[in-house]
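Before any comments, here is the structure.
The values are calculated or read from the model by the stated rules, or taken from the named source; none is laboratory data. Not measured: the values here are computed from a predicted model. Methodologically, a virtual Cβ is constructed for each residue, glycine included, from the backbone with ideal geometry; neighbour enumeration extends over all protein chains shown.
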Amino acid sequence: MIRFSVSLDSVTTGFLIHAELDLIDPILTQLGKRTLEFRANRGSGSPMEIIKIIERNASLRIGFGWSFESQAMIEQMMSECMVSSHLDSTSMGSLITDGRCSWIGFVPLNIFDRAMYEDLTTDELIIINNELVSFQNKVIDFISTHRLFLQHSFIRNNRYRYALMKTLRKDPIALENMFDFYITATKETSLLLQIPKDLLEEQLGCHFLHYADLFFELLAFSTLKGDLYE
C-alpha cells in the first residue's frame, strides 16, 4: 500500500530530482526517468552503480506551480491514489508533501532501504529500478488526470488554461463545456457559492472572439442561475 503523509514542517531540501508537473507537455517525458536494460555483455554496470541510479530515481519532487486550496483536497486525491487498482499491490516507498500543498515528493531511500539492496545482483537491481520508475509514472499519471488536480490546474495555472482554451476557440460546443467547467472548478476548489463576473470575463472572454454571442448568452444564463455576480 502506498503511504502518503503531510509534513508539519516546510520541506525545501532533500530531493535529488526536481521537476514541474506541466499539463501542456507530455507528463512522463518531463521527468527524465528511464528504465535500464539487461545486457549479456555489460562490461560495466556494477551493483553499486545501479544502486546509485535507484537512489537518485527514488528521490523525486514534483512541483505544481500552485497550491491546493486545502490540505483536505490533496489528501482526498492521494487517498484515492493509494487504493487505485493499478497501485494497490505495490510497496515502492512513500509520498510526502507539506502544508503548502504545492508539490508531491517520493521519499528518498533511507539507511534501511539501502541495506535491502546490498546483496542483490545487478539483474535484480535493474528489475527494482524499472519497477520504481513504473510506479512513479503510474502515480504521476493518476494525479495528473484526477478531477481535483485538473480543476486546480485550470483555475490556478494561467499558462495552462490559456493554452488549452486557445485550442478550442473554433469549437463552440467545447467552449461551452469549458465555460461550465470553469464555474464548477472555481466553486469546488475555492468553495465559493458565486464567482465575480468580471473575473470570468477576464480569464475566458478572449477565447470567445469567434462566438461572442454564445459568451454573452452563457454569462446571462449563469448570472440568472446565481453562479455569477456583478
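Pairs are defined by a Cβ separation below 9 Å, a sequence spacing of at least 6 or placement on different chains, a first member in the stretch 152-174 that is free of Cβ contacts under 8 Å to residues at least 12 places away in the same chain, and a second member that is outside any helix (DSSP H, G or I); the pairs so defined are ALA174/THR167; ALA174/LEU168.
Suppose we keep only residues that are over 26 Å from the mean Cα position of the chain (by Cα) and in contact (Cβ under 8 Å) with a residue 60 or more places away in the chain within the stretch 119-151. Which one would you say is nearest to THR35 (Cα to Cα)? Filtering the stretch 119-151 for residues that are over 26 Å from the mean Cα position of the chain (by Cα) and in contact (Cβ under 8 Å) with a residue 60 or more places away in the chain, the one nearest to THR35 (Cα to Cα) comes out as ILE126. Looking only at the stretch 166-190, which residues are outside any helix (DSSP H, G or I) and surrounded by fewer than 14 Cβ atoms within 10 Å (Cβ to Cβ)? Correct list: THR167, LYS170, ASP171. Against the list (1) in contact with a helix residue (DSSP H, G or I) (Cβ under 9 Å, 6 or more places away or on another chain); (2) modelled with pLDDT of 95 or more, the condition SER190 fails is (2).
Just one of the numbered conditions (1) within 23 Å of the chain's Cα centre (by Cα); (2) part of a helix (DSSP H, G or I); (3) buried (at least 19 other Cβ atoms within 10 Å of the Cβ); (4) in contact (Cβ under 8 Å) with a residue 40 or more places away in the chain is not true of ILE104: (2).
For first residues located in the stretch 185-202 and touching a residue at least 24 places away in the same chain (Cβ under 8 Å), partners that are of a type in the set (Val, Ile, Thr) and surrounded by fewer than 16 Cβ atoms within 10 Å (Cβ to Cβ) and lie 6+ apart or on another chain with Cβ distances below 9 Å form the pairs LYS197/THR223. With respect to LEU199, is the statement that it is not assigned by TED's automatic domain parsing to the domain that holds GLN30, not in a helix (DSSP H, G or I) and not hydroxyl-bearing (Ser, Thr, Tyr) true? It is false that LEU199 is not assigned by TED's automatic domain parsing to the domain that holds GLN30, not in a helix (DSSP H, G or I) and not hydroxyl-bearing (Ser, Thr, Tyr).
Exactly one of (1) more than 30 Å from GLU49 (Cα to Cα); (2) free of Cβ contacts under 8 Å to residues at least 24 places away in the same chain; (3) of a type in the set (Val, Ile, Thr) is unmet by ILE74. Its number? For ILE74, the exception is condition (2).
Residues that are closer than 15 Å to LYS225 by Cβ and under 21 Å from the mean Cα position of the chain (by Cα) within the stretch 184-201 comprise THR184, THR186, LYS187, listed in sequence order.
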